[in-house]
Amino acid sequence: MAGLRQIGKRSSLYGVVIFFSLFSAFPFFWMVIASFKRAHDLYTLKNNPFLFNEPPTLEHLHHLFFGTLFVKYLINTVVVGIAVVVITLVVAVPAAYSLARWAGRWGENLGIAIFLTYLVPPTLLFIPLSRVIGFLGLQESLWSLILIYPTFTIPFCTWLLMGFFKSIPLDIEEQALVDGYSRVGAMVRIVLPLSISGLLTVVVFSFTLSMHEFIYALAFISSSALKTVSIGVPTELIGEFFEWGPLMAGALIPSIPAAILYTLFLDRFIAGFTMGAIK
Amino acid sequence: MSAFNGEFGGPLSHIWDRERVLAPLLIAPAILYIVVLVGAPFFLAVYYSLSDATTGSQSLHFVGLSNFQAVLKDPVFRKSLINTFIFTLVSQALVLVLAKVLALALLKDFRGKWLVKFLILLPWTAPIALGTIGWMWMLDSIFSPIDWILRYMGLLGAPGAILGANSNLYWLGVPSLAMLSVILVHTWRMLPLATVILLAGLTSIPQEILDAAEVDGAGFWRRLFQIMIPMLLPIMTVAVLFGIVFTFTDITVVYLLTQGGPVHSTQVLASWAFFKGIEAGDLAQGAAVALFLFPAMAGVAALMLRLARRTEVT
């Protein structure tokens with residue numbers, strides 16, 4: 001009897017897990033199938049859409065890489081991502097250190113205030129910012145994105161790093177000060193090497209968040225050669241020729257590395273999100 | 001320690017050791033960035049909403065509240081406002097229930113859990129614009145695989161079938177189905193985040209408490225409602241608040257799936273602000289529409305602050 005109940009529990013667990021995996025990954029499974037399916041097969045309504053009724057093909061991938069600006073979108077995304085990572089590190093690391101080490105009540109509140117600016121939605125700011133970008137002469141330039149994306153990466157990463165720095169015992173640093181290091185010297189030589197995983201988290205998130213961003217890129221950039229994947233694939237690949245095969249491949253290829261990176265660091269990200277609501 | 005740094009340092013040689021100098025200096029760039037590129041644009045948005053700014057002209061005139069009057073009279077705006085609330089509330093209610101079920105399942109150990117986690121997280125970890133492209137095909141007017149399954153099961157496309165004799169449902173072409181589709185995609189997108197937040201909360205409940213309750217004869221439901229949910233309340237609130245902010249202010253899903261159509265039936269504040277402010281060039285009215293996003297966001301921020309304070313005290 002107990003055994004039967006155990007089996008029942010187990011199979012309902014698998015049922016739930018399989019159902020949700022299918023629900024979540026369904027559009028991506030579909031992208032995989034469509035990327036390798038012959039056009040004739042894709043557009044024949046009688047065919048089972050989930051099977052390869054004709055042999056698979058690489059024609060869509062070939063077209064995507066050699067017949068569209070897709071590679072350019074990838075390069076733009078990486079360039080913007082790297083620049084945003086650098087700016088974020090340069091600004092957020094000292095800020096987080098300052099908040100973590102000298103925070104009284106005042107610093108604590110400042111930290112929370114900085115985190116809350118992460119909640120100011122881009123959809124509220126894109127209209128005035130598009131004017132600011134025009135004023136600075138940065139429209140139709142990747143620099144517009146490089147300048148604006150840190151507005152959401154800096155608040156979140158400062159918050160995340162603050163938690164990391166707080167967890168490093170003060171004693172280690174004081175020892176370094178006694179040994180003759182300056183305060184900044186102690187930060188660079190002692191604290192940063194101990195926070196490698198925190199810094200890595202910041203790198204991954206700044207990069208993936210700028211890769212995910214949609215509205216600013218849509219508002220600031222309209223020349224097709226300057227688009228990132230997030231806007232290039234949905235606007236250009238659809239506008240140009242509207243073929244499902246290359247479009248699905250174009251959506252799939254950047255998604256996979258982004259998802260892998262993000263998943264690896266997700267637990268730290270969540271720890272930042274929950275702001276100590278878990279103790 | 002501060003006494004040590006302050007008293008024995010020379011005026012310049014130890015300037016790096018002076019907290020009073022160093023602490024503000026280190027944090028200044030971050031504050032500057034936020035003030036200049038988040039704070040100032042926010043006030044600029046308020047200013048535009050009270051002016052007659054357009055993308056074409058450089059001159060501005062103060063026009064008082066006339067933009068807000070014009071916006072409030074606009075039926076499309078009212079539709080957008082209502083839709084924004086409907087999409088957010090319905091999808092977040094669904095997310096909360098589904099995330100709870102999924103988090104409880106993921107608490108158990110089973111084979112292939114890492115793969116399951118990767119797949120379940122995809123809607124959140126992959127760029128949303130790209131995930132939505134997958135849905136564009138799922139919900140396509142002719143090639144929708146969902147319609148294919150329904151036809152295959154005989155629910156659609158045959159005379160007398162439950163869902164009608166047409167060969168397709170036209171997910172994005174019928175107002176009610178288009179709204180349903182947008183809600184579905186929002187739910188799909190926010191489910192992973194809520195699930196992992198709840199999972200983090202669940203794993204933090206000490207197993208001894210649950211074991212003790214079980215020994216005392218509390219069944220699954222009793223443990224769920226009298227121990228887990230009360231203990232999870234703060235973290236569930238966090239999950240819901242983030243869900244609300246991200247869904248309420250999102251533009252990607254509506255912009256890519258329906259462009260607000262058919263006939264504005266899925267228009268939301270963010271998309272309407274974009275169409276007005278950027279595509280039609282009416283910065284003033286676009287800014288006025290976007291500003292309606294602010295009260296919701298401020299409310300959420302206030303709740304978060306209260307929550308942060310409370311957890312600080314306990």
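The values are calculated or read from the model by the stated rules, or taken from the named source; none is laboratory data. From a predicted model like this one, the values you see are computed outputs, not experimental measurements. No Cβ is skipped: glycine too gets one built from the backbone with ideal geometry, and neighbour counts run over all protein chains shown.
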- line: Across (1) at pLDDT below 85; (2) crowded, with 17+ Cβ neighbours inside 10 Å; (3) among the hydrophobic types (A, V, I, L, M, F, W, C), A:Phe214 clears everything bar (1)
message: Which count do you get for residues in the range A:30-59 that are hydrophobic (A, V, I, L, M, F, W, C) and touching a Gly at 6+ places or on another chain (Cβ under 9 Å)?
response: 6
Qualifying residue in the range B:37-44 (condition: assigned to a helix (DSSP H, G or I), surrounded by fewer than 18 Cβ atoms within 10 Å (Cβ to Cβ) and away from every other protein chain (no Cβ under 12 Å)): no
message: Looking only at the range B:96-112, filter to residues that are under 23 Å from the mean Cα position of the chain (by Cα) and within 7 Å of another protein chain (Cβ to nearest Cβ); which one of those is surrounded by the most Cβ atoms within 10 Å (Cβ to Cβ)?
response: B:Leu102
- prompt: Of B:Leu180, B:Leu172, B:Leu269, B:Leu257, which residue is under 30 Å from B:Asp140 (Cα atoms) and free of Cβ contacts under 8 Å to residues at least 12 places away in the same chain?
  reply: B:Leu180
- request: Test each condition in (1) facing another protein chain (nearest Cβ under 9 Å); (2) out of contact with any helix residue (DSSP H, G or I) (no Cβ under 6 Å at 6 or more places or on another chain); (3) without any contact (Cβ under 8 Å) to a residue 24 or more places away in the chain for A:His212 and report the one that comes out false.
  value: (3)
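I'm checking my understanding of the structure. Among residues of the range B:176-227 that are aromatic (Phe, Trp, Tyr) and either under 21 Å from the mean Cα position of the chain (by Cα) or more than 14 Å from chain A (Cβ to nearest Cβ) (or both), which one is farthest from B:Val245 (Cα to Cα)? Outline the logic, then answer.
As a first pass, look at the range B:176-227 and keep what is aromatic (Phe, Trp, Tyr): B:188, B:220-221, B:225.
Of the ones still in play, those that are also either under 21 Å from the mean Cα position of the chain (by Cα) or more than 14 Å from chain A (Cβ to nearest Cβ) (or both) are B:188, B:221, B:225.
On the way: B:Trp188: 16, B:Trp221: 31, B:Phe225: 27 Å.
By that ranking, first place goes to B:Trp221.
Given the condition more than 30 Å from A:Gly107 (Cα to Cα) and within 25 Å of the chain's Cα centre (by Cα), answer yes or no: does some residue in the range A:202-212 qualify? Before the answer, list the steps.
As a first pass, look at the range A:202-212 and keep what is more than 30 Å from A:Gly107 (Cα to Cα): A:211-212.
Now restrict to residues that are within 25 Å of the chain's Cα centre (by Cα): A:211-212.
The answer is yes; a qualifying residue exists.
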query: Which of the residues spanning the range B:45-62 are crowded, with 16+ Cβ neighbours inside 10 Å and of a type in the set (A, V, I, L, M)?
result: B:Ala45, B:Leu50, B:Ala53
query: Residues B:Ser49, B:Ser66: which one is more than 8 Å from chain A (Cβ to nearest Cβ), polar (S, T, N, Q) and over 29 Å from the mean Cα position of the chain (by Cα)?
result: B:Ser66
Single residue of A:Leu142, A:Leu116, A:Leu170, A:Leu147 found to be at pLDDT below 85, assigned by TED's automatic domain parsing to the domain that holds A:Thr201 and surrounded by 18 or more Cβ atoms within 10 Å (Cβ to Cβ): A:Leu116
- line: In the range B:145-185, residues that are modelled with pLDDT under 85 and of a type in the set (Gly, Ala, Ser) total 8
- prompt: A:Gly111 is checked against (1) of a type outside the set (Val, Ile, Thr); (2) touching a residue at least 60 places away in the same chain (Cβ under 8 Å); (3) in contact with a Ser or Thr (Cβ under 9 Å, 6 or more places away or on another chain); (4) more than 18 Å from A:Ser206 (Cβ to Cβ) and fails just one. What number does that condition carry?
  reply: (2)
message: Based on this model, can you work out whether A:Ser223 counts as under 22 Å from A:Leu129 (Cα atoms), touching a residue at least 40 places away in the same chain (Cβ under 8 Å) and assigned by TED's automatic domain parsing to the domain that holds A:Arg131?
response: yes
message: Any residue that is of a type outside the set (Phe, Trp, Tyr), assigned by TED's automatic domain parsing to the domain that holds B:His186 and surrounded by fewer than 18 Cβ atoms within 10 Å (Cβ to Cβ) - is there at least one of those in the range B:113-123?
response: yes
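With the condition kept exactly as written, say whether any residue in the range B:234-244 is free of Cβ contacts under 8 Å to residues at least 24 places away in the same chain, of a type outside the set (D, E, K, R) and in the same structural domain as B:Ala103 (by TED's automatic domain parsing). Don't jump to the end; show me each part of the working.
Residues of the range B:234-244 that are free of Cβ contacts under 8 Å to residues at least 24 places away in the same chain, as a first pass: none.
Checked the range B:234-244: no residue is free of Cβ contacts under 8 Å to residues at least 24 places away in the same chain, of a type outside the set (D, E, K, R) and in the same structural domain as B:Ala103 (by TED's automatic domain parsing).
Which residues, counting only those in the range B:228-257, are surrounded by fewer than 15 Cβ atoms within 10 Å (Cβ to Cβ) and at the interface with another protein chain (Cβ under 10 Å from one of its Cβ atoms)? First the steps, then the outcome.
Initial filter on the range B:228-257 (surrounded by fewer than 15 Cβ atoms within 10 Å (Cβ to Cβ)): B:229-230, B:233.
Matches in the range B:228-257: B:Leu233 only.
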query: In the range A:150-186, which residues are part of a loop (DSSP other than H, G, I, E, B) and more than 10 Å from every other protein chain (Cβ to nearest Cβ)?
result: A:Ser167, A:Ile168, A:Pro169, A:Asp179, A:Gly180
statement: Being more than 30 Å from A:Asp41 (Cα to Cα), of a type in the set (S, T, N, Q) and either assigned by TED's automatic domain parsing to the domain that holds A:Ala39 or in contact with a helix residue (DSSP H, G or I) (Cβ under 8 Å, 6 or more places away or on another chain) (or both) narrows A:Ser230, A:Ser195, A:Ser255 down to just A:Ser195
